[in-house]
Structure formats: structure tokens, C-alpha cells
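The structure appears below as C-alpha cells.
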Amino acid sequence: MNWTYNKKEIEDLSDFPKPTFGFVYKITHIKSNKSYIGKKVLFHNRKTKLTKKDLSVYEGVIGRKPSYKIITKESDWKSYWGSNKPLLELLKSEPQNQFTKEVLIFAPTKKLLTYYESQILFVYRVLEEPEMYYNDNILGKFFRRDFD
């Protein structure tokens with residue numbers, strides 16, 4: 001099952017507008033009409049220790065040599081189903097065609113991605129409407145239990 005944006009399927013990276021760091025999404029269980037809203041990045045960066053071959057480039061260079069390099073790798077965005085435990089449990093018992101995966105907005109930077117996700121979570125009032133949303137917190141600061 002692919003992501004959709006404005007009813008168009010997103011199948012690979014070329015379908016994203018330039019520049020896109022990540023996106024805010026909504027996954028909806030069709031039968032219950034209950035949704036989860038989250039964010040996903042398109043690439044992950046990680047540090048890797050330099051090999052002897054990598055270090056050989058720096059032979060004869062005066063000064064401190066680097067000890068690691070940054071490797072960028074595409075994330076698992078195509079097969080991603082969110083991080084919400086109740087939603088993931090439901091996915092084990094229900095077929096994937098009982099869910100929709102919708103991109104709400106694209107974000108060009110990490111900071112804007114977090115801002116857009118927070119904004120959407122507050123506007124949709126996800127903590128105040130537990131019958132409509134699986135989300136139980138926003139930014140790890142605002143919790144559903146605070147409204148009980």
C-alpha cells in the first residue's frame with residue numbers, strides 16, 4: 001500500500017517536491033475511522049568510522065584527520081506504518097487494505113517538520129478526541145491523560 005497526497009500515489013523519491021526533508025502523515029483505519037497522525041523523514045544520517053582506505057586520502061596532510069564520515073541512507077518511508085502501539089497491534093489482525101496512508105504536508109527542514117506535525121496535532125485536537133485519534137501525546141509534553 002502506497003502513500004497518497006491529494007489523491008495521487010507517491011511511489012518513490014521523485015514524487016516528492018524539491019526540497020523535502022520529510023512529511024506529516026495520517027493513517028486511518030477505514031472501519032472505525034480512527035486515525036494516527038505522525039511525521040516521517042526521508043533520509044537518515046549516521047556516523048561511520050573511517051577505514052584505513054578512507055584515511056589514506058589524508059596522508060601527508062598537516063593537522064587533525066577526521067575519524068568518521070557521515071553516511072546518508074534512505075529511510076523506510078515506503079513501508080512505514082507509524083510508531084503507535086495500538087495501531088501496530090491492529091495492523092497484525094486487519095489486512096492492510098483496511099487502512100489509508102495519506103501525506104498531509106511536506107516539510108523542507110527538520111525544524112519545520114516538527115512544527116507542522118505539532119500544529120496539525122493541535123488543530124485536529126487529537127488529545128481531546130480519543131474516539132477519533134490514536135495519538136496520546138504531543139512532543140512528549142502534552143498528554144491525553146491531562147484531559148481526563
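The values are calculated or read from the model by the stated rules, or taken from the named source; none is laboratory data. Here the structure is a predicted model, which means the values were calculated and not measured. Neighbour counts run over all protein chains shown; Cβ positions are idealised from the backbone, glycine included. Only protein heavy atoms, including side chains, enter the accessible area calculation; ligands, DNA and RNA are left aside. Shrake-Rupley method; radii C 1.70, N 1.55, O 1.52, S 1.80 Å.
In region 91-101, the qualifying residues are those that are in contact (Cβ under 8 Å) with a residue 24 or more places away in the chain and within 18 Å of the chain's Cα centre (by Cα), and the one that is surrounded by the most Cβ atoms within 10 Å (Cβ to Cβ) is PHE99.
Taking each residue of region 13-26 that is free of Cβ contacts under 8 Å to residues at least 24 places away in the same chain and farther than 22 Å from PHE99 by Cα and looking for partners that are open to solvent by 10 Å² or more (accessible area, probe 1.4 Å) and assigned to a loop (DSSP other than H, G, I, E, B) with beta-carbon atoms closer than 9 Å, six or more apart or interchain, yields LYS18/PRO108. Within region 2-31, the residues that satisfy the criterion of being open to solvent by 60 Å² or more (accessible area, probe 1.4 Å) and within 21 Å of ASN135 (Cβ to Cβ) are TYR5, ILE30, LYS31. Comparison of LYS47, LYS65 shows that the only residue that is more than 30 Å from VAL126 (Cα to Cα), basic (Lys, Arg), open to solvent by 70 Å² or more (accessible area, probe 1.4 Å) and outside any loop (DSSP other than H, G, I, E, B) is LYS47. Test of understanding: among LEU55, LEU104, LEU88, which residue is open to solvent by 50 Å² or more (accessible area, probe 1.4 Å), touching a Lys or Arg at 6+ places or on another chain (Cβ under 9 Å) and not acidic (Asp, Glu)? Exactly one of LEU55, LEU104, LEU88 is open to solvent by 50 Å² or more (accessible area, probe 1.4 Å), touching a Lys or Arg at 6+ places or on another chain (Cβ under 9 Å) and not acidic (Asp, Glu), namely LEU55.
Taking the criterion of being more than 30 Å from LYS39 (Cβ to Cβ) and either under 16 Å from the mean Cα position of the chain (by Cα) or among the hydroxyl-bearing types (Ser, Thr, Tyr) (or both), the residues of region 54-79 that qualify are SER56, TYR58, SER67. There is no residue in region 137-145 that is outside any helix (DSSP H, G or I), of a type outside the set (Val, Ile, Thr), under 17 Å from ILE27 (Cα atoms) and open to solvent by less than 30 Å² (accessible area, probe 1.4 Å). The residue of region 112-135 that is least open to solvent (accessible area, probe 1.4 Å), among those that are free of Cβ contacts under 8 Å to residues at least 12 places away in the same chain and not polar (S, T, N, Q), is GLU129. The set of residues from region 123-148 being aromatic (Phe, Trp, Tyr) and under 26 Å from PHE43 (Cα atoms) comprises just one member, TYR134.
The listed residues are GLY82, GLY60, and the only one of them that is assigned to a loop (DSSP other than H, G, I, E, B), open to solvent by 70 Å² or more (accessible area, probe 1.4 Å) and not β-branched (Val, Ile, Thr) turns out to be GLY60.
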